[in-house]
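Here's the structure, in structure tokens; my notes come after.
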Amino acid sequence: MTEHKRLVLWGAGTGRALRAHWALAELGLDYESRPIQPRTGETKTLEYTALTARQKIPLLQDGTFTITESAAIIAYLSDTYASDENALMPRAAQERAKCLEWCFFIMTELDAGSLYVIRRHRYLSEIYGPAPDVCDSAAAYFGQQMRTVERQLAEDRPYLFGDRLTAADMLLATCLSWAVNYGVPVDPRAMAYNTRMTDRPAYRQAVVRNTPPKP
Ligand SMILES: N[C@@H](CCC(=O)N[C@@H](CS)C(=O)NCC(=O)O)C(=O)O
């Protein structure tokens, strides 16, 4: 008989899904993976639509509780399962607020406002329509928004802020890898930071679990 795990992660093969696999790996949590992918029809089934009417991955089930949005999944997992040693969201109010400030900045300005625009209008132009000028301007905007990140990393700090990995690092690193894949310039210090993040054993483990099964 198949054993059903309490934690079930839906989604594979995308940078957003990777964030959730990565958080689960950083926290050492056992989970079942349902590696559905976008634009395959798998996000549009009745079963999945009953879990999320948004029909997007990733989605985490924890018993009867469900949560979508990659950043929210990381925060939920950390708040629910982390110890003081491996928390991905700081617990003190002001540190937590700074972490959230970086998370919202990364999710709105770098992810949705820049890279996802390029994704939709360059790589998914058959669905969203081609818009080369918009893509060029989104790449330039990404570069401009990265300046505060570059300043923050200027002192060769190991993490975006504080002395350990947080959700903000995970969101940033996945955006940086995404930018590199799209040929959007990333400055050398940010590249070195990204290599440190992607060299983490939990990240490597997550990449394996985020790889969709062969058809
Ligand atoms: N802001 C959301 C974005 C989620 C999202 O757009 N997911 C895409 C794949 S990366 C998706 O599921 N698209 C559904 C489809 O195209 O079928 C997050 O960070 O989780």
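The values are calculated or read from the model by the stated rules, or taken from the named source; none is laboratory data. The structure displayed is predicted, hence computed values, not measured ones. In this analysis, Cβ positions are derived from the backbone assuming ideal geometry, glycine residues included, and neighbour counts consider all displayed protein chains.
Within the range 31-66, the set of residues being within 18 Å of H4 (Cβ to Cβ), surrounded by 12 or more Cβ atoms within 10 Å (Cβ to Cβ) and hydrophobic (A, V, I, L, M, F, W, C) comprises I36, L51, L59, L60.
Being away from the ligand (no atom under 12 Å from the Cβ) and either of a type in the set (V, I, T) or not in a loop (DSSP other than H, G, I, E, B) (or both) holds for only one residue in C99, C103, and it is C99. Does the range 39-57 contain any residue that is of a type outside the set (S, T, Y) and touching a Lys or Arg at 6+ places or on another chain (Cβ under 6 Å)? Yes, some residue in the range 39-57 is of a type outside the set (S, T, Y) and touching a Lys or Arg at 6+ places or on another chain (Cβ under 6 Å). Close contacts from the range 65-76, counting a first residue that is farther than 14 Å from L18 by Cβ and a second that is more than 10 Å from the ligand (Cβ to nearest atom) and in a helix (DSSP H, G or I), with Cβ to Cβ under 7 Å and a gap of 6+ residues or different chains, come to T66/L51; I67/Y76; A75/A167. Filtering the range 199-213 to residues that are farther than 14 Å from G28 by Cβ and touching a residue at least 12 places away in the same chain (Cβ under 8 Å) leaves V207, N210, T211, P212, P213. For I73, the criteria (1) within 12 Å of the ligand (Cβ to nearest atom); (2) assigned by TED's automatic domain parsing to the domain that holds L165; (3) not small (G, A, S) hold in every case but one, which is (2). Filtering the range 144-173 to residues that are under 19 Å from G113 (Cβ atoms) and in a loop (DSSP other than H, G, I, E, B) leaves only L160. Selection of the range 1-35 for residues being part of a loop (DSSP other than H, G, I, E, B) and more than 17 Å from T80 (Cβ to Cβ) yields M1, T2, E3, H4, G11, A12, G13, T14, P35. If you go through the range 23-35 one residue at a time, do you hit one that is closer than 20 Å to R209 by Cβ, near the ligand (Cβ under 10 Å from one of its atoms) and not basic (K, R)? Within the range 23-35 (the criterion being closer than 20 Å to R209 by Cβ, near the ligand (Cβ under 10 Å from one of its atoms) and not basic (K, R)), the answer is no, since none of the residues qualifies. Have a look at L88, L77 and point out the one that is part of a loop (DSSP other than H, G, I, E, B) and surrounded by 18 or more Cβ atoms within 10 Å (Cβ to Cβ). Within the list L88, L77, the selection yields L88. A count restricted to the range 36-70 and to residues that are in a loop (DSSP other than H, G, I, E, B) and more than 10 Å from the ligand (Cβ to nearest atom) stands at 4. A single member of Y193, Y203, Y159, Y128 is of a type in the set (S, T, Y) and over 24 Å from M89 (Cβ atoms), and it is Y128. Checked against (1) within 24 Å of Y182 (Cβ to Cβ); (2) in contact with a Leu (Cβ under 6 Å, 6 or more places away or on another chain); (3) hydroxyl-bearing (S, T, Y), S70 passes all but a single condition, namely (2).
Y81 meets all of the listed conditions (1) touching a residue at least 24 places away in the same chain (Cβ under 8 Å); (2) touching a Ser or Thr at 6+ places or on another chain (Cβ under 6 Å) but one, namely (2).
Quick one: in the range 113-143, of everything that is farther than 15 Å from V184 by Cβ and in a helix (DSSP H, G or I), which residue is farthest from the chain's Cα centre (by Cα)? Checking each candidate, the answer is D133.
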